[in-house]
Amino acid sequence: MPDHRNVLIERISRLGDVNDPETPVPLVTLEEFFEGNDDFGSIGCNFYPDQPAPAEFYAFFRAIRARPSVAEVRVQVTQHDDPKGWPFSDTIWIITSESPQTVAAWLGERFAADEIFAGLHTDRPYEPIPIPDGMSAVGVWWD
C-alpha cells in the first residue's frame, strides 16, 4: 500500500519549498490530496462545531468535479510546516464555466466558504494548470 502522505509531500516539493512565497503554489488533484488523508488538521479545521472529515470533503468535491460545467477541481496546498502531519489547504479551485455565485450555491451551508475568488490570485505564482476556453478558476477559501 503506498504511503500517500509521502507521495503528496514529494509531489508538492518538486517546485521548491511550499512554505516559500517565491515557490509556485502547488495545485494538486483531489486524489493526490485526499487519498489516505484522515488528518482533520489538513483542511476545514476552522469549521465549527461540526468539522467535515477529509473523506467528506473528498466526496463532496468529487461530486462537483462530475458536473458537466466543471473541467477540474484542484486543492491548493497552502503550507506544510509539520513534517509529521499532512500538508494544509485552505483553498480549493474549481475550473468551471459557472459564476462564483453559482459555485457558492453549490457549497450550501455545510461547505459555505468564507470567501469566493474569481480567478487565481496575482500576488503569488501558481503551478500551471490547464483552463479550457470559456472557463475560469473559482477559488473557495475557508478561514
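Some notes on this structure:
- FRET efficiency, V7 to I129 (Cβ-Cβ, R0 25 Å, nearest 0.05): 0.85
- Excluding exposed DSSP-loop trypsin sites (Lys or Arg not before Pro) (at most 16 other C-beta within 10 Å), longest clean stretch of the chain: 15-83
- Set of region 1-22 residues, backbone N closer than 20 Å to the point 7 Å along the Cα-Cβ line of E31: 1-14
- Exposure proxy shown here: for L8, L15, L30, L107, the number of other Cβ atoms within 10 Å sets the order, fewest to most, as L15, L107, L30, L8.
- For region 1-73, the set of chymotrypsin sites (Phe, Trp or Tyr not before Pro) satisfying both a DSSP loop assignment and a count of at most 16 other C-beta atoms within 10 Å is given as F40, F47.
- Length gained when the stretch Q79-D114 is fully extended (0.36 nm per residue, less Cα-Cα span): 10.7 nm
- Cβ-based exposure ranking for I131, I64, in which fewest neighbours within 10 Å come first: I131, I64
- Exposed-loop-free span, longest in the chain, where GluC sites (Glu not before Pro) count as exposed if DSSP calls them loop and at most 11 other C-beta atoms lie within 10 Å: 23-108
- If the segment from D39 to A53 were pulled out straight at 0.36 nm per residue, it would be longer than the present Cα-Cα gap by 4.2 nm.
Taken together, the values in this text are just the output of simple stated rules run on the coordinates, not laboratory data. Quick caveat: nothing in here was measured; it's all calculated off a predicted structure. So basically every Cβ, Gly included, is an ideal-geometry build from the backbone, and we count neighbours across all protein chains shown.
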